[in-house]
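J.: Next up is a structure, given as structure tokens.
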């Protein structure tokens, strides 16, 4: 009986299919006449749709509906009424900056575009960038095209953070921006970063997503915690994945630096094919990238070590009458090496290999429903090398093992996995989207070419220093409906999320953290009856040799944690067109964190169309960021350098006994208030301009304190015991230590028009931002440590470590088979602060102001055939490096390039081959 029912069902399905109309046609560029692959063709008001193939052709089964909608990034959307005809050939007009492109982020109205958005949104098409720009990673592509986006090479962060290129918006923290993929919350990296853009912060590893898998990037430049939840204080970055079908795209890029070092390659393949005839698709991407060893940027002697090398105590004194430079030079000559043997490596980027796989898929279930899935896996091996451990550093080197010293390396093995599945459709005119998104980031730490000096000749040279991982699982239901007859149109949306976050630290092998010369100290005491007995007075290090693996000590067993928390959230979102010219929107969200309590946020925004060519918009929002689990539980031991001297430091867990004994409380959420006011203008058909001023106050920001010193006898016993156990001399702690105010102005403009026999495009973007610290939160009882709780170095990092001014100017001209691109990026001045000591009550810092720089990129692309294109060009064509470090900073090294503005490594020519088959 079941078999007959199944046959009947199949017959009915085929009969229904046979009765459907099949619409077809071709979509072309109205300017060039070329076919447009990947254009979204849909039936208005339904979920029927498909994509054009490599020849711009499409075929669509029509079940019901009256209007076809054609939309594509970089072109104005176009509609066509369905008549008795079955063929519809469409020519799309280019849009100068994608202002007419339907956006996903910033609004739950499916018909909202960037042009009529009440808040600023950038919609960045990656296709032309991947064809002509020198950059190949998503963070660097955005760094050179979006003025409010900032990211530099991770080597500025040091240690494990050097494996990542974190991202900022509007000059705020790397953990104050939220990242979505296809509109769904993405998980963060598990790594806590030091220095660079995110001191004591976790961020998003955007480079774990292959660039070839991305269709476009949407950047919402406005606080959106009420819409999307924790972290969205500065804004939201939404990565929209490729849906192209019936086209294989192959691309390979290679570039190198001035001295032939730091060679990078990136090769990818993207292919998609249709699933069925009703718009289903599966698009997959594979990518492989390499980064070779890089020298320090600048002249051939940048960073060269000038101080004592072989003499005992070289880490604590300069040349003197006993140990002279002539002695060193004679030893070097006899060893057959020179001073460059002791140079740092990795100047601006790590040695690395990346392998990435990603997919994006959807299958229609019926006319108004579909199942979708996307995700992938990436694997990165990244090597960071630190400061050379000189043979004369007797407390850190063993001359029997390394007679010429050693250059320790940290090998980070990073695996990132994600999978999203969901179903969306219409239920009685309501759009319903039910999804679950899982992501996990694993970070392994292996230390090579190193030693544990306190173990003497028994030390290993390679150490498993432990690992950590973080995961996030988010289940969501999102419901929305557009009421076209209420006022001039009202969109109502609401939904709920349940998220579980985990964080784990796995201890390393004992040799990676142990201190072998610890001895128990005993004392004598007497009972009331006169009996003498021994007392345990704690432990002390006897020989002063550095413990643990050099560059980064392993995680101790007492550091190991495996914790989780849950988050329940609900939101409501309303957009109302009061009149044809006046839009008002609002959102309200409640999130409940296990262990943190409830947080309520809201947002209101409005746009008024003064004229067809001019609009004014503004918004007010409240936001928050819950401290990451890593900020509660992370602890580590590492080495920093102050005036050229190596200093071992410990970062204590916020939940540790030492932290509580010192008087630092447990972390609490950061909270913000934001305001935006701006205009949008389209005075001419091909000219667009926006200007938005913003103001963001963030209270109780989480940061790292300055360094408490082991020489301070007033510190609690628990803190002094921490110094002894870890063999360190300075300690820092996580704390909600400061509040900030950020004010700025963002400008965007574009002009695009046919010019003679080609197409001419100009793009402008600028961001002017000022950060200031408005208050410092000193715990009660620690008033004397005010300049250590929040030190001058952290203040400089927050206020002046990124350019206050960034301007992007780009022009491109396409004629025949040639496309020319020239781009200039202005990075404003920054001020650095480097710790010189841990002096109480106020440590000394060295400040250096770095001059503004212009970086110019240029490229020429040539299309050999319709399918094959080659590009040659150069990043930083004029070899603009920025300022060298101030010679007064240290007499032990030659000045080297600071490179904070853009992480520039100097001139870097590149070549790229792309084939679309």
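J.: Residue under question is residue 152, and the condition is that it be modelled with pLDDT of 90 or more and either assigned by TED's automatic domain parsing to the domain that holds residue 555 or in a loop (DSSP other than H, G, I, E, B) (or both); does it hold?
T.: no
J.: Out of 199, 191, which single residue is surrounded by fewer than 24 Cβ atoms within 10 Å (Cβ to Cβ), in the same structural domain as residue 700 (by TED's automatic domain parsing) and assigned to a loop (DSSP other than H, G, I, E, B)?
T.: The match here is 199.
J.: Quick one: is residue 500 at pLDDT 90 or above, farther than 20 Å from residue 638 by Cβ and not assigned by TED's automatic domain parsing to the domain that holds residue 44?
T.: yes
J.: How do the strands (runs of 3 or more DSSP E) wholly within the range 634-742 filter down when requiring 3 or more residues that are in the same structural domain as residue 801 (by TED's automatic domain parsing) and modelled with pLDDT of 90 or more: which remain?
T.: 670-684, 687-704
J.: What tally of residues in the range 644-691 results from selecting those that are in contact with a strand residue (DSSP E or B) (Cβ under 8 Å, 6 or more places away or on another chain) and closer than 30 Å to residue 342 by Cα?
T.: Residues flagged as in contact with a strand residue (DSSP E or B) (Cβ under 8 Å, 6 or more places away or on another chain) and closer than 30 Å to residue 342 by Cα within the range 644-691 amount to 7.
J.: To continue, here is another question. Would you point out which residue out of 914, 865 is under 30 Å from residue 32 (Cα atoms), in a loop (DSSP other than H, G, I, E, B) and at pLDDT 85 or above? Step through it out loud before you land on a result.
T.: Details: 914 fails: in a loop (DSSP other than H, G, I, E, B).
Being under 30 Å from residue 32 (Cα atoms), in a loop (DSSP other than H, G, I, E, B) and at pLDDT 85 or above holds for just one of 914, 865, which is 865.
J.: For the range 262-301, what are the residues that are surrounded by fewer than 17 Cβ atoms within 10 Å (Cβ to Cβ), free of Cβ contacts under 8 Å to residues at least 60 places away in the same chain and either within 30 Å of residue 40 (Cβ to Cβ) or out of contact with any strand residue (DSSP E or B) (no Cβ under 8 Å at 6 or more places or on another chain) (or both)?
T.: Scanning the range 262-301 gives 273, 299, 300.
J.: Look through the range 457-480, keep the residues that are more than 27 Å from the chain's Cα centre (by Cα) and assigned to a strand (DSSP E or B), and return whichever of them is surrounded by the most Cβ atoms within 10 Å (Cβ to Cβ). Before the answer, list the steps.
T.: Here is the first cut: in the range 457-480, the ones more than 27 Å from the chain's Cα centre (by Cα) are 457-463, 479-480.
Right, trim to assigned to a strand (DSSP E or B) and you get 463, 479-480.
Values: 463: 28, 479: 16, 480: 18.
Here the residue is 463.
J.: Restricting attention to the range 440-494, which residues are under 27 Å from residue 516 (Cα atoms) and in contact with a helix residue (DSSP H, G or I) (Cβ under 8 Å, 6 or more places away or on another chain)?
T.: 445, 447, 452, 455, 459, 460, 463, 464, 465, 466, 468
J.: Then there is this: How many residues are in contact (Cβ under 8 Å) with a residue 60 or more places away in the chain, outside any strand (DSSP E or B) and in contact with a strand residue (DSSP E or B) (Cβ under 8 Å, 6 or more places away or on another chain) when one looks only at the range 743-780?
T.: The qualifying residues number 2.
J.: Go through the range 771-787 and count every residue that is surrounded by fewer than 17 Cβ atoms within 10 Å (Cβ to Cβ) and either within 21 Å of the chain's Cα centre (by Cα) or outside the structural domain of residue 812 (by TED's automatic domain parsing) (or both).
T.: 0
J.: Sticking with this one: Residue 579 passes all but one of (1) assigned to a strand (DSSP E or B); (2) under 30 Å from residue 690 (Cα atoms); which number fails?
T.: Unmet condition: (1).
Conditions (1) touching a helix residue (DSSP H, G or I) at 6+ places or on another chain (Cβ under 8 Å); (2) more than 25 Å from residue 750 (Cβ to Cβ); (3) at pLDDT below 90, marked per residue:
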position	(1), (2), (3)
813	no, no, yes
823	no, no, no
833	yes, yes, yes
840	yes, yes, yes
843	yes, yes, yes
851	no, yes, no
856	no, no, no
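J.: May I ask you to verify whether residue 450 is buried (at least 18 other Cβ atoms within 10 Å of the Cβ), in a strand (DSSP E or B) and modelled with pLDDT of 90 or more? Give the derivation first.
T.: Details: buried (at least 18 other Cβ atoms within 10 Å of the Cβ): yes; in a strand (DSSP E or B): no; modelled with pLDDT of 90 or more: yes.
Against the criterion (buried (at least 18 other Cβ atoms within 10 Å of the Cβ), in a strand (DSSP E or B) and modelled with pLDDT of 90 or more), residue 450 does not qualify.
J.: Take the residues in the range 594-611 that are farther than 19 Å from residue 692 by Cβ and in contact (Cβ under 8 Å) with a residue 40 or more places away in the chain; name whichever of them is surrounded by the most Cβ atoms within 10 Å (Cβ to Cβ).
T.: Across the range 594-611, the extreme among qualifying residues is 601.
The values are calculated or read from the model by the stated rules, or taken from the named source; none is laboratory data. Everything quoted here is computed from the prediction, not taken from an experiment. Because the Cβ atoms are built from the backbone with ideal geometry, glycine has one as well, and the counts that use them run over all protein chains shown.
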